[in-house]
Amino acid sequence: GEQKRREALLIDMARGLSGETGEAFFRSAVRHLGQAIAADLVMVGETGPDDSVNSLAMMQDGELQPNIRYALAGTPCDVAIGGSDLCAYGDGIQKLFPQDQFLVDGGYRAYAGAALRDADGSAPMYSA
């Protein structure tokens, strides 16, 4: 059933990430997460001191993409980084964040993201 499928996905992700470090870890993470949740776009990014995000790995439509840099203001990522839980929006995301040109141009209809926090609670990275 559904529980077995979830367990299999989790085991597959863990196998795919074990032994990877640095850039290879992040590329593997976005690849496995994208496959597990059938996402059109998966990205792991690091926040910069100027309220921007630098992607560490990004997969779109099953293909790894070049890294990008963008301003956080006006994006659902900004909300995700400020929160302590999963940040999710369903259909209509473009109307909520019309200034997020990447979201609008890409035609994305939903979003889920979460801050990946250090042991001290700071959120230097996030996954969307």
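Can you give the extra length, in nm with one decimal, that the chain gains between Asp105 and Glu23 once fully stretched, where that is 0.36 nm per residue apart less the Cα-Cα distance?
Working: separation 82, 0.36 × 82 = 29.52 nm, distance 2.70 nm.
26.8 nm is the gain from fully extending Asp105 to Glu23.
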Given labels modelled 7 Å from the Cα in the Cβ direction, how far is it in nm from Asp50 to Ala73? 1.3 nm
Under a point spin-label approximation (7 Å from Cα along Cα-to-Cβ), what is the Lys4-Gln35 distance to one decimal in nm? 2.0 nm
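Each value in this text was obtained by applying a stated rule to the coordinates, not by laboratory testing. Quick caveat: nothing in here was measured; it's all calculated off a predicted structure. FYI the Cβ positions are ideal-geometry reconstructions off the backbone, even for glycines, and counts take in every protein chain you see.
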